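The values are calculated or read from the model by the stated rules, or taken from the named source; none is laboratory data. Source: prediction; values computed, not measured. Cβ: placed from backbone, ideal geometry, glycine included. Neighbour counts: every protein chain shown. For accessibility, only protein heavy atoms count, side chains too; no ligands or nucleic acids. Shrake-Rupley method; radii C 1.70, N 1.55, O 1.52, S 1.80 Å.
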Amino acid sequence: MAPPPASPADSAPDPRPTASAPVPITVPSPRDHAHHHHLVDRRDTPRGRAWEPERNRRGEAMDGAAAVKLVPGEAGYVLEDVPHVSDYLPDLPTYSNPLQDNPAYSVVKQYFVNPDDTVCQKIVVHKDGPRGNHFRRAGPRQKVYFEPDEVHACIVTCGGLCPGLNTVIREIVCGLSDMYGVTKILGIQGGYRGFYARNTITLTPKSVNDIHKRGGTILGSSRGGHDTVKIVDSIQDRDINQVYVIGGDGTQRGAGVIFEEVRRRGLKVSVAGIPKTIDNDIPVIDKSFGFDTAVEEAQRAINAAHVEAVSAENGIGLVKLMGRHSGFIAHYATLASRDVDCCLIPESPFYLEGEGGLFRYIEKRLKDNGHMVIVVAEGAGQKLIAETMQSIGKDASGNELLLDVGLWLSQKINEHFKKNKMTINLKYIDPTYMIRAIPSNASDNVYCTLLAHSVVHGAMAGYTGFTIGQVNGRHCYIPFYRITEKQNRVSITDRMWARLLSSTNQPSFLCNKVVEEAKKEHERATRLLDGSPSHRKG
């Protein structure tokens, strides 16, 4: 099928909402008025629709906070839109998308996504219920706000390692080059501080050709080092106009601050994020890249623990997996393995002594089976440990440094059975850094490719202040505040956790009070999906 003729730039449809979904315009903070009176474009101000300043947990407007773009519709429909460079720089020129002349894409039935396409956050609805919150669908637009020759992009990776980082870097570079003809792409080395304290490297399709086969990140990474003024100064001095930030919730929060400073200075710069966390604790999105790889690699440690356990009298294999505050890796690795007899995660408190406690359960399993495999997430049991040990502070990103639950639990189990004069053989396995450092598997490689191409389409179309994510199987652009406001956690009152309990036959360790509190939290989260945006706490 021959590609359609390119439309003149001035006649192409606007990629932002059309008349059926008018675009609310920004209401800058007092700080903005002091420097940039031109930031408000009042030509298309819709009645009853405006950006609202993001609110803190008490519902008070935050000075200088990112404005929130809400577009309400019928039947409780709410579009939580993302910023666009033309919101604060009106009358920007637009250009025909070069993708329509790309021979590789000539077979595509629909070149561009419909400007009105949105993705619903809550996919299960009732006939008479509200349609709920939606996000702007990701994909190429017919009009772009950057010419390929003018694009000067940069990529930075921050925080801990995760399978798939190099794949995302590779596909951003190849996507910019192959789809849009961009030639100027920089890699920022060493995390955020690399903007002002480290060298940069030039990235080309040739230089990143095989990096997806390696673990880690070719750009290096670090925690902390976020100095907003220095970072934006560097962006401005280097004439960078597209910034791709790969990192977890703290990194994405930093990207949001960078966007705010860029907007305050009135720079034509698109700031886009790709959320990264091996723990899968980013809210809203279906899953984080690298999670499938982590679960798959965790199987090797569990298998080793199982072999050790069955090969010894009263053998116990104890495996510690990642999961500071969310136990998804331990949860899914346990379900996938079917060799695990007990899974302990941060969301589900447990206790050691007495009826229904962990020690009684271990005694029973050893009596029945002669061996046992325990999987524990690194953030589990921290309150129990804290009763006997002191906290060890925070890391450079401000995260609490956790006490080693694996070593602590090994010691407690050995002490208990020694006191009860019962011989056990316990083997403790900690594969944490082995899992973080491996390349992504086939599934994650495909996922990383789709994320990278989607974020490139968004930046080229002029969207900014957003992160890319898959929601209900569709990629969409999500405002930064939605993925940094809380952490995604395992629900201990849903069917997936019940399936795990059924698989392991472990006690739930839960009292009625804990269960009721978990149910109330689940109901509150469900109400937020029914068209009441979570930032509106006032």
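Backbone phi angles across the range 297-308, fed through the Karplus curve with coefficients 6.51, -1.76 and 1.60 (θ = phi - 60°), yield HN-Hα couplings of 5, 4, 4, 5, 5, 5, 4, 5, 4, 5, 4, 4 Hz in residue order; Gly and Pro are listed as x. Ranked by the mean number of other Cβ atoms within 10 Å of their residues, highest first, the peptides 318-331, 100-113, 253-266 fall in the order 318-331, 253-266, 100-113.
Ranked from largest, the principal axis spans of the Cα set of the range 286-354 equal 42, 30, 16 Å. Surface composition of the range 284-375: carbon plus sulfur atoms contribute 45% of the solvent-accessible area (1.4 Å probe, protein chains only, all chains present).
By accessible area, using a 1.4 Å probe on protein heavy atoms only, the range 405-451 has 60% of its surface on carbon and sulfur.
Cross-link check: pairs Lys367/Lys427; Lys320/Lys419; Lys109/Lys268; Lys367/Lys418; Lys122/Lys268; Lys109/Lys184 evaluated at a Cα-Cα cut-off of 27 Å; pairs beyond the cut-off: Lys109/Lys268; Lys122/Lys268; Lys109/Lys184.
Considering the range 296-450 at the alpha-carbon level, its Rg and Dmax are found to be 16.3, 57 Å. Stretching Ser207 away from Gln411 to a fully extended chain increases their span by 68.6 nm, per 0.36 nm per residue minus the current alpha-carbon distance.
Here's the picture: a label point sits 7 Å out from the Cα of Asp149 along the beta-carbon direction, and within the range 421-458 nothing has its amide nitrogen under 16 Å of it. Antiparallel as a % of all DSSP beta bridges within the range 122-208, to the nearest 5? So the antiparallel bridges in the range 122-208 amount to around 40 percent.
Reducing the range 299-377 and the range 131-191 to their Cα centroids gives an inter-centroid distance of 41 Å. Separation of the range 439-496 and the range 220-241, taken as the distance between their Cα centroids, equals 23 angstrom.
Rg and Dmax of the range 147-297, based on Cα coordinates, read 14.7, 46 Å. Per residue, the solvent-accessible area of the range 184-289 (1.4 Å probe, heavy atoms of protein chains only, all protein chains present) comes to 34 Å². The H on the amide N of His84, modeled in the peptide plane, is under 5 Å from the matching H of Thr464, each at least 5 residues off or on a different chain. Gyration tensor over the Cα atoms of the range 163-211: the corresponding equivalent ellipsoid has semi-axes (square roots of 5 times the eigenvalues, largest first) of 20, 13, 9 Å. Each peptide among 433-441, 119-127, 447-455 gets the average number of other Cβ atoms lying within 10 Å of its residues, and from highest to lowest they stand as 447-455, 433-441, 119-127. For the range 310-318, backbone phi angles converted through the Karplus equation (6.51, -1.76, 1.60; θ = phi - 60°) give residue-by-residue couplings of 6, 8, 9, 6, 6, x, 10, x, 10 Hz, Gly and Pro being listed as x.
Residue ranges 235-242, 184-191 sort as 184-191, 235-242 when ordered by packing (mean number of other C-beta atoms within 10 Å per residue, highest first).
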